[in-house]
Amino acid sequence: MNLLIKAGRVIDPSQGIDKVADLLVENGVVKEIGAGLAAPAGTEVIDAAGKYVVPGLIDMHVHLRDPGLEYKEDIVSGARAAVAGGFTSVCCMPNTKPVIDNKAIASYIIAKAKEQGLCNVFPVGTITQGMGGERLSEMGELKESGCVAVSDDGRPVKSAELMRRALQYARGMGIMVISHAEDLELVGEGTMNEGFTSTELGLKGIPRVAEDIATAREIMLAEYTGSPVHIAHVSTEGAVRIIRDAKARGVRVTCETAPHYFTLTDDAVRGYNTNAKMNPPLREAADLAAIREGLADGTIDCIATDHAPHHIDEKDLEFNEAMNGIIGLETSLPLSLGLVRDGVLTLPALVERMSCRPSAILGLDRGTLRPGAIADVTVIDPEKGWTVTPAALASKSKNSPWLGAEMQGAAACTIVGGKVVYTRG
């Protein structure tokens with residue numbers, strides 16, 4: 001199929017492009033960007049006037065729950081949620097059942113994703129076998145089977161020596177290590193951020209330093225070994241400062257945050273709202289401000305969702321008993337566009353953090369509209385207003401703190417490999 005996307009504001013930081021233009025797609029790849037392009041016979045024309053045309057959004061941190069936990073989400077429903085949110089590629093974390101620590105599971109995920117034919121799904125394998133924290137996974141096999149990174153996300157690698165060896169082996173294999181930076185001894189039985197709100201609610205708190213100490217350890221190991229490391233879901237002022245300082249002295253560290261960390265504080269937990277329970281927990285106003293500053297100055301490389309679907313029976317419980325995590329694929333784009341409206345990021349900088357940088361960090365052949373590139377494209381309507389309701393969400397699970405909220409901005413059209421896979425409305 002050939003496509004001509006006309007008169008949109010084309011934004012591609014990989015080429016320094018930000019202008020009103022047409023985008024021509026032929027045989028699944030980008031053919032040309034320019035003004036007044038002619039459509040060859042049989043070309044589908046998409047009117048993008050008043051909209052943004054950007055490299056397909058990439059979410060490098062989602063939980064698709066497949067295999068083994070498909071009652072929460074599966075690859076098909078997760079892909080539907082992804083394309084509805086404007087994502088053309090997602091990277092699925094390995095804490096499935098069984099975990100992604102071998103070729104068979106990785107191959108199953110890739111095959112099922114190709115069969116559903118919506119977005120690209122790139123698996124992330126485990127750092128340790130069975131996520132047990134004792135022996136390293138076969139990273140070479142995982143990479144050969146299509147994994148784009150390794151992580152024990154949901155659990156930190158407790159042993160510093162094992163993490164050191166993981167970084168060294170991963171560097172040799174050319175695969176990124178994504179760290180869940182958390183000191184479990186400091187976390188203890190905590191269920192939300194430690195502070196005024198936790199004290200008022202009578203809930204056991206998780207101190208910020210649990211994240212800060214673990215982040216510092218990973219950076220010191222990366223500096224010592226000369227290996228790259230990526231820090232997942234950064235949520236604290238201290239972690240941002242530690243990463244900023246490390247980057248300044250040349251450490252090969254990158255990181256991500258999620259929309260809930262730059263839009264919500266732990267006040268959202270009031271009323272014992274389990275849809276505001278996550279790990280890391282929502283922090284305080286100073287942390288939120290630091291996350292926004294880190295995005296603005298480039299300390300934080302990427303915006304990821306940490307999309308974590310759970311069945312209502314796992315959330316409709318006493319706060320201490322409810323599972324951690326929220327869905328985010330369908331609300332990430334409008335919440336992130338809020339950073340542009342607030343002057344935190346320019347529009348090209350936002351596109352870089354949601355497409356170009358994730359692609360570069362993981363070594364994907366995506367995140368660009370260069371001629372000859374695979375035509376993964378997101379067309380964004382920045383003015384589209386919509387309400388977050390269970391019926392409006394494609395995800396199987398509905399555990400969102402924004403249920404009932406009014407959003408501004410949405411994906412108007414999502415294109416994967418030159419094929420229109422989603423059109424809003």
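Every number in this text was worked out from the coordinates using simple rules, so none of it is lab data. What you are looking at is a predicted structure, and each value in this text was computed from that prediction instead of being measured. Neighbour counts are summed over all protein chains in view; Cβ atoms, including those assigned to glycine, are modelled from backbone coordinates with ideal geometry.
Between the range 1-32 and the range 220-240, the alpha-carbon centres lie 35 Å apart. The calculated FRET efficiency for the pair Leu162 and Glu44, based on their C-beta separation and a Förster distance of 51 Å, comes to about 0.50.
Each of Glu330, Glu144 has some number of other Cβ atoms within 10 Å of its Cβ, and from fewest to most they run Glu144, Glu330. Over all pairs of different C-alpha atoms in the range 86-205, the reciprocal of the mean inverse distance, the Kirkwood hydrodynamic radius, equals 15.7 Å. Computed over the range 20-171, the alpha-carbon pair-distance distribution with 5 angstrom bins reads 2, 9, 16, 17, 14, 11, 9, 8, 6, 4, 2, 1, 0, each value a whole percent. Per the Kirkwood formula applied to alpha carbons, the range 286-356 shows a radius of gyration over Rh ratio, Rg over Rh, of 1.08.
The modelled label-to-label distance between Glu189 and Thr346, using points 7 Å beyond Cα along the C-beta direction, is 5.2 nm.
Between Gly86, Gly363, Gly343, the GNM of the chain built on Cα springs shorter than 10 angstrom shows Gly343 fluctuating the most. Comparing Ala160, Ala360, Ala391 in a Gaussian network model of the chain, where Cα atoms under 10 Å apart are tied by springs, the biggest mean-square fluctuation is seen for Ala391. If you run the Gaussian network model on the chain, springs between alpha carbon atoms under 10 Å, then out of Asn324, Asn120, Asn273 the most flexible one is Asn273. Computed over the range 250-306, relative contact order equals 53 percent, with contacts defined as Cα pairs under 8 Å that lie 6+ residues apart. Take the Kirkwood radius over Cα pairs of the range 262-305, plug it into Stokes-Einstein at 4 °C and 1.567 mPa s, and you get 114 µm²/s for translational diffusion. Annotation for the range 120-204: trypsin sites (Lys or Arg not before Pro) lying in DSSP loop with at most 14 further Cβ atoms inside 10 Å of their Cβ are Arg135, Lys204. Centre-to-centre, using Cα atoms only, the range 165-181 and the range 95-136 are separated by 16 Å. Residue exposure proxy: Cys302, Cys119, ordered by other Cβ atoms within 10 angstrom of their Cβ from fewest to most, comes out as Cys302, Cys119.
Helix 160-173 and the long axis of the chain differ in direction by around 20°, with both axes built from C-alpha atoms. With respect to the chain, whose longest principal axis is taken over its alpha-carbon atoms, helix 285-297 is tilted by about 40°. Normalising by residue count, the range 56-362 has a Cα convex hull of 114 Å³ per residue. Against the longest principal axis of the chain, how steep is helix 237-248, in degrees 0 to 90 to the nearest 10, with axes from Cα atoms? Compared with the principal axis, the helix lies near 70 degrees.
The trypsin sites (Lys or Arg not before Pro) of the range 211-266 that meet both conditions, a loop assignment by DSSP and at most 16 other Cβ atoms within 10 Å of the site Cβ, are Arg249.
Checking the table Lys112/Lys419; Lys247/Lys277; Lys277/Lys384; Lys103/Lys143; Lys114/Lys419 against a 20 Å threshold on Cα-Cα, which pairs fail? In this structure, Lys247/Lys277; Lys277/Lys384 lie more than 20 Å apart at Cα. With neighbour counts taken as other beta-carbon atoms within 10 Å, the residues Glu70, Glu211, Glu194, Glu200 rank, fewest first, as Glu200, Glu70, Glu194, Glu211.
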